[in-house]
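Here the structure comes first, spelled out in structure tokens, and everything after it is commentary.
The values are calculated or read from the model by the stated rules, or taken from the named source; none is laboratory data. Values in this document were obtained by computation on a predicted structure and should not be read as measured data. All Cβ positions, even for glycine, are placed from backbone atoms using ideal geometry, and neighbour counts span all protein chains on display. Keep in mind that these areas ignore ligands, DNA and RNA; they rest on the heavy atoms of the full protein, side chains included. Shrake-Rupley method; radii C 1.70, N 1.55, O 1.52, S 1.80 Å.
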Amino acid sequence: MADIRLEGIVKDYGSVRAIHGVSLNIQDGEFVAFVGPSGCGKSTMLRMIAGLEEISGGVLKIGERVVNDVEPRDRDVAMVFQDYALYPHMSVAENIGFGLKMRGLKASEIEPKVREAARILQIEAYLDRKPGQLSGGQRQRVAMGRAIVRKPAVFLFDEPLSNLDAKLRVEMRTQIKRLHAMLKTTTVYVTHDQTEAMTLADRVVVLRGGKIVQQGHPIELYSRPNCRFVGEFIGSPQMNVFSGNVDRSGTSPVLRVGDAALRLGEVAAADGARIDVGIRPEHLAFAGDKGGAIAPVVEVFEPLGSDTMAICRLGGQELTARLAPTVALRPNERISLDYELADLHYFDGENGARIEAL
Ligand SMILES: Nc1ncnc2c1ncn2[C@@H]1O[C@H](COP(=O)(O)OP(=O)(O)O)[C@@H](O)[C@H]1O
Ligand SMILES: [Mg+2]
């Protein structure tokens, strides 16, 4: 096992800077997820840790050792990719044991290690099959088996579940989490899917344009995003964000959005200031005919059984509310919604930075 230290890591592709000086300490045994939109530099970060991509600047340590110039095979890391890269002509057992064979281990040494990995991943029954005879989920397990048998100090995953259908993705997510609980190997996991990052990781690192914008425990990012970008990126359905002007002419401040007014808590923003105010769909509650804080018009509603999603319009902007399943809605109906002031997020209208409530 090992910790990973990134100190001012830079990556240039020719004249284009893809990673702008990333510093991060990953603890021994920790599960860290890099998340962000396509092109933000997640794979580049991971490939530099793996040794598959040269580092242009900064220092990378795995354990006590600086590994900037260490060959991938000497870094004691194992990587699992989105496309499983299995050998089609080899059996599952041969695929899992291939790396060990290349390292010169004897068949009698390889066999028990392969069996143990297959047991952990629940693919013992398929050891004699060829990859072509397996489902996508089973193939992904074989790819993970190949990483496990080597007992590396670090696991690196690059979007390993992206090729699977939604149901299987959820199953494999649980499997990966169980695997980490069992082996406690330091893991860096790259995904564009915030749900995957949130459910798997001890710590989520949000990347944007080759820089870390925020990092922390999933709940910390959810409850205290440090900017509008993180607020909208983390959480599903996405946070509603209203751009408007603060109006302090009444007894309490409101945000003017088109013809609507959102009541605000006390916030360090002057009368007339342009700010963005966020409220998550799950923090809106149906107020019946009690005259709630806002009165949007329902455009579409989605009864999911567990809850009902109401997609509405308010002050010319779209608003999604996650309501109780018992709420009956009609399209074009004006409804009444309430929220707690403590659930509002305030962001600077110019640069998107979080503004603290007072
Ligand atoms: N081999 C390459 N040559 C030139 N540019 C690259 C190369 N690989 C990635 N990039 C660029 O670096 C940036 C980050 O890419 P990448 O790490 O693949 O992002 P992600 O995995 O988050 O989608 C992107 O702008 C991408 O176009
Ligand atoms: Mg990628």
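Tally up the residues in the range 13-38 that are open to solvent by 80 Å² or more (accessible area, probe 1.4 Å) and under 19 Å from the mean Cα position of the chain (by Cα), please.
So the answer is 2.
Taking the stated definitions as given, is LYS101 under 18 Å from GLU30 (Cβ atoms), out of contact with any Pro (no Cβ under 7 Å at 6 or more places or on another chain) and surrounded by fewer than 16 Cβ atoms within 10 Å (Cβ to Cβ)?
So LYS101 does not fit the description; no.
Inspect the range 236-257 for any residue being in a helix (DSSP H, G or I) and either small (Gly, Ala, Ser) or without any contact (Cβ under 8 Å) to a residue 24 or more places away in the chain (or both) and give the result as yes or no.
Scanning the range 236-257, I find no residue that is in a helix (DSSP H, G or I) and either small (Gly, Ala, Ser) or without any contact (Cβ under 8 Å) to a residue 24 or more places away in the chain (or both), so the answer is no.
Whether any residue in the range 62-69 is away from ligand 2 (no atom under 13 Å from the Cβ), within 18 Å of ARG208 (Cα to Cα) and acidic (Asp, Glu) is what I want to check. Break it down into steps so the answer makes sense when it comes.
Within the range 62-69, the first condition is being away from ligand 2 (no atom under 13 Å from the Cβ), and the residues that meet it are 62-69.
Subsequent filtering for residues that are within 18 Å of ARG208 (Cα to Cα) retains none.
Checked the range 62-69: no residue is away from ligand 2 (no atom under 13 Å from the Cβ), within 18 Å of ARG208 (Cα to Cα) and acidic (Asp, Glu).
Could you say which residue among ALA85, ALA93 is hydrophobic (A, V, I, L, M, F, W, C), at pLDDT below 95 and open to solvent by 20 Å² or more (accessible area, probe 1.4 Å)? Let's see the steps before the verdict.
Working: ALA93 fails: at pLDDT below 95.
Unique residue meeting the criteria: ALA85.
Where in the range 140-226 are there strands (runs of 3 or more DSSP E), lying fully within it, with 1 or more residues that are buried (at least 18 other Cβ atoms within 10 Å of the Cβ) and among the basic types (Lys, Arg)?
Hits in the range 140-226: 203-208.
Scan the range 38-54 and give yes if some residue there is outside any helix (DSSP H, G or I), more than 12 Å from ligand 1 (Cβ to nearest atom) and charged (D, E, K, R), otherwise no.
Looking through the range 38-54, none of the residues is outside any helix (DSSP H, G or I), more than 12 Å from ligand 1 (Cβ to nearest atom) and charged (D, E, K, R).
Pick from GLU71, GLU94, GLU109, GLU64: which is in contact (Cβ under 8 Å) with a residue 12 or more places away in the chain and assigned by TED's automatic domain parsing to the domain that holds SER135?
Values: GLU94 fails: in contact (Cβ under 8 Å) with a residue 12 or more places away in the chain; GLU109 fails: in contact (Cβ under 8 Å) with a residue 12 or more places away in the chain; GLU64 fails: in contact (Cβ under 8 Å) with a residue 12 or more places away in the chain.
It is GLU71.
Look at LEU6 and say whether it is closer than 16 Å to GLU64 by Cβ, part of a strand (DSSP E or B), away from ligand 1 (no atom under 12 Å from the Cβ) and open to solvent by less than 20 Å² (accessible area, probe 1.4 Å).
It is true that LEU6 is closer than 16 Å to GLU64 by Cβ, part of a strand (DSSP E or B), away from ligand 1 (no atom under 12 Å from the Cβ) and open to solvent by less than 20 Å² (accessible area, probe 1.4 Å).
So, in the range 195-251, how many residues would count as being over 25 Å from ILE275 (Cβ atoms) and of a type in the set (Val, Ile, Thr)?
Number of matching residues: 4.
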